[in-house]
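Visitor: Questions regarding the structure given below will be posed in turn.
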Amino acid sequence: MAEATRRLAAIMFTDLVGFTRLGQRDEEVALRLRREHQELIRPRVTAHGGREVKSLGDGLLVEFPSAVESVRCAVEIQESVARRNARPEATEPIVLRIGIHVGDVVQEGTDIVGDAVNVASRIEPLAEPGGICLSATVFDQVQNKLRVPLEKLGPRRLKHVEHPVDVYRVVLSGAPSRPAPTDPGTSPNLRFAVLPFTSRGPETGDDYLADGLTDELISHVARLPSVRVIARTSVLRYKGSSRSVREIGQELNVQLALEGSVLRAGEKLRITAQLVDAATDESLWSARFDRPLGDIFAIQDEIASHIATAISGHLSRSGVTTLVPFVRAPADTRDLHAYSDFLQGRRLAAERGSEATMRTALGHFESAIALDPDFARARVGAADALLWLATEGAVPFDTTVGRARAELERALASNEGIAEAHSLLASVYIAEDDLVRTEREARRAIELNPSLTDPYRWLAQIAAGAGRIDEAVQLIESAYHGDPANVNVIAFLGRLYFYSGRIADALAHWERTESLIPFRTNAHRTEYYLSIGDYAAAAQGVRAMERARPGNLWMVAYRGILEARTGDLEGVRRDLELLEAHAASGGPARFFVGFVRFALGDLDGFFAALEEAFREHQLPFLEVLYSPLYASARDDPRRADLIRRQRAFAPGPA
C-alpha cells in the first residue's frame, strides 16, 4: 500500500448551480449540461497546471500547485461560461459556483483529504451563481498579482470548521457591485427570509391564510433592529418550490430563513414554524401551535418573539452580544371577518395579475373597511389597488388618485406607523412632481421598515434627477439586494447602469434579467443600440418588444426612432400619427412624439412636445438628463430651462 504524502496545494471546488432541480425536470438536458461544463473546465485546468482529483456528481475537485494559477483558471472558466451562455443556441445556461482554499492535503492514492479540502468545499457555496469565492489564505498569495479586483466579504463560520474563515469575492468583469454578503458577527444587518408558508388543508381556498401569515411575519420581523428582511415580491416566487432552504439561502444571500405551514380545520388552526441556518440547514428553533382561529394575532406575535430570541442566540454564537428586542405592534383590527377579507385582498393585490384580479382585491379591502372602519391597513390595501387601477388606465386617473390619497391620509391618521402607507403616499407625490413631500414620505417609510423596496426607488429617482446618479445607483442596488425579483427595481437598475456610463454592467444585467422582464429589458437595450448606431441590433430589440407587447407606446416610439434613423419615412409617418392620436386622447404619449421628432432632426418639435409633457407632469426627466440618444440637444438653452424648472420641485438645492 502506498504511503500517504502531505503537501501544500490550492484546492478548487466547482458546482453546477440548479443541476438537481434541472435533473428533476429534464434528466437528459441536465446530463448534457454536466458533460458540456466538464468539457469546458478540463482543458483550462490542464492549461493552468491543475489536476482533476475527482468528479463530484455535478462538480469537480481540482488541485493546483499555485494559488495564482488556481484563481486565474477559475476566472477563465467563468468568463468562458459567460461567453457560452451568450450564444443564441445556448437555450439552457450553465451556471457555476467556484470556491478556492490553500492548505495542507494528504494524498491517498489518487484522492486527497484534509482540512484544506473541507474548507474549500464549504467556501464554494458562499459564491454567488456565476461567481468565485476565496479564503484569506488564497487572497494573501494572489493580491496584486491578478487583473481582477477582489472584495472582502468578512469572516464566515463554516460547518465542521472550528474558527471563522475570512472570505473574499472575485469581482468579475460585468458583475454589478453589491453589498458584501453580511455575516452576523461583522455586520449590523443580518439578512433574513420568511419563506412562503404552505397550506396543508384540503381546501385550496385557505391558501390566503398561509400567504397572509407569510406577509404578517415579514412585517413583524422587519421591525427587528439590525435585520434586513427580503421583500415578499422575491420570496413568493419560492411558493411550492422543492428547493432546500440552503439553496434558497444562497440565491437570496441570507443567513437565516423561516419556513412553516398552516392547517385549518373549521375554527382551529395548526401552525408549524422552523427557523433555519441557511448555510448549514441547522434548525435553530421550531414550534407547533394548536390554537383557535381567533388566536391568529397572538400567534404572529409569539412566533416573531421567538425569532427575535433565536436571532439573539445566533448572534451571540457568532461573537456578538447584541440583544434583538421584539416590540409588539398594536393590532389594527380584532374583527376576524374583516381580517379575513384583508388577507384575501392582499393576496390578490400581490399578484398584480389583471384588472379583474385587482378589482376583486379592492372589493375585499372595501368589505374589510365596511366591517371595521378603523382598520387602517385595509385602507392602505384599498389605496394600493386604486392606484394600480388608475395607473393602468382602468379607472379615471384624477378622481381615483384623490380617493386613494384620502384612504392613505385616513389610515395614517389612525396609525402613523404604517410604512406601506408612507411609501404609497410618496408614489402619489412623485407623480405630481412634489419631490419635497416625496422624499419626506419615502424616508419615513424606510425609517419604519428598511426592508421596503419602493421608497428606495423614489429616493433614487430624486437623486438621479438632481444629477447624483452614482447615489441613485447605490440606492437601487440596495433595493435590488433586498428584493431581487422586483421587476421595477430590475428595470431601473439596468437603466441607471446605462445612464451612469457603466455599459458592461448594464449589458450583463440585461442578459441576466431578460427572462424576468423581457419587454423592459429589450426596451432599455434597444435605447442603447440606437444610441451607438447599431441599427441591426436595435431592430431585433424592437421586434422582441413588439412580440411581448404589441402596440405598446415605448415600442412604437423606438420603432419610429429606428425608422427615422434608417430612412423609412413612411413608417415614421404612421408611427407619429399613432402617437399623436394617443396624445390627443389624453394618454401619456406626448413625449414619445418628441422622441421621434428628435430622430427626424426636428428640435423645435422635440422641445414643444417636452413642454407639453412638463405641463402634464409627464416629463421623461432621466431621459432628458442622461440618455445618449438626445445628447446633441444638451447645449440647447431650452433643455437647460426645462431642467431648471423641473428641479425647482426637488428638495434642497438644485
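Visitor: Counting only residues that are in the same structural domain as residue 555 (by TED's automatic domain parsing) and among the acidic types (Asp, Glu), give me the helices (runs of 4 or more DSSP H) lying completely in segment 572-639 with at least 1 of them.
Guide: So the answer is 603-615, 621-626.
Visitor: For residue 470, are the conditions met, namely being within 27 Å of residue 553 (Cβ to Cβ) and either at pLDDT 90 or above or assigned to a helix (DSSP H, G or I) (or both)? Explain how you work it out, then say what you get.
Guide: Numbers: within 27 Å of residue 553 (Cβ to Cβ): no; either at pLDDT 90 or above or assigned to a helix (DSSP H, G or I) (or both): yes.
So residue 470 does not fit the description; no.
Visitor: For segment 394-439, which residues satisfy the criterion of being small (Gly, Ala, Ser) and assigned to a helix (DSSP H, G or I)?
Guide: Result: 402, 404, 406, 411, 413, 414, 419, 421, 423, 426, 427, 431.
Visitor: Here is a follow-up. Do you know which residues across segment 511-523 are part of a helix (DSSP H, G or I) and surrounded by fewer than 23 Cβ atoms within 10 Å (Cβ to Cβ)?
Guide: Initial filter on segment 511-523 (part of a helix (DSSP H, G or I)): 511-513, 518-523.
The answer is 511, 512, 513, 518, 519.
Visitor: Something else now. Give the residue that is modelled with the highest pLDDT, with candidates limited to residues of segment 128-148 that are closer than 17 Å to residue 70 by Cβ and part of a loop (DSSP other than H, G, I, E, B). Write out each step before concluding.
Guide: At the first step, the residues of segment 128-148 found to be closer than 17 Å to residue 70 by Cβ are 131-148.
With the extra rule that they be part of a loop (DSSP other than H, G, I, E, B), the set shrinks to 131, 143-148.
Numbers: 131: 86, 143: 83, 144: 77, 145: 82, 146: 81, 147: 75, 148: 80.
In this case the residue turns out to be 131.
Visitor: Now for a separate question. Could you check, for segment 528-546, whether at least one of its residues is in a helix (DSSP H, G or I) and under 22 Å from residue 390 (Cα atoms)?
Guide: No - not one qualifying residue is present in segment 528-546.
Visitor: Is segment 379-402 home to any residue that is at negative phi, modelled with pLDDT under 80 and in contact with a Pro (Cβ under 6 Å, 6 or more places away or on another chain)?
Guide: Within segment 379-402, none of the residues are at negative phi, modelled with pLDDT under 80 and in contact with a Pro (Cβ under 6 Å, 6 or more places away or on another chain).
Visitor: A further question follows. Only helices (runs of 4 or more DSSP H) wholly contained in segment 243-362 count here; list those with 2 or more residues that are within 30 Å of residue 393 (Cβ to Cβ), among the aliphatic types (A, V, I, L, M) and modelled with pLDDT of 85 or more.
Guide: Filter on segment 243-362 gives 336-351.
Visitor: Are any of the residues in segment 445-460 among the acidic types (Asp, Glu), within 25 Å of residue 640 (Cβ to Cβ) and either modelled with pLDDT of 90 or more or surrounded by 23 or more Cβ atoms within 10 Å (Cβ to Cβ) (or both)?
Guide: Within segment 445-460 (the criterion being among the acidic types (Asp, Glu), within 25 Å of residue 640 (Cβ to Cβ) and either modelled with pLDDT of 90 or more or surrounded by 23 or more Cβ atoms within 10 Å (Cβ to Cβ) (or both)), the answer is no, since none of the residues qualifies.
Visitor: Can you tell me which of (1) touching a residue at least 60 places away in the same chain (Cβ under 8 Å); (2) out of contact with any His (no Cβ under 9 Å at 6 or more places or on another chain); (3) not polar (S, T, N, Q) is the one residue 396 doesn't meet?
Guide: Single failed check for residue 396: (1).
Visitor: Does residue 271 qualify as being under 18 Å from the mean Cα position of the chain (by Cα) and touching a residue at least 40 places away in the same chain (Cβ under 8 Å)?
Guide: Judged against the criteria, residue 271 is not a match.
The values are calculated or read from the model by the stated rules, or taken from the named source; none is laboratory data. Bear in mind that the values here come from a model prediction, so they are computed numbers and not experimental data. A quick note on method: Cβ atoms are made from the backbone with ideal geometry, for glycine too, and the neighbour counts reach across all protein chains shown.
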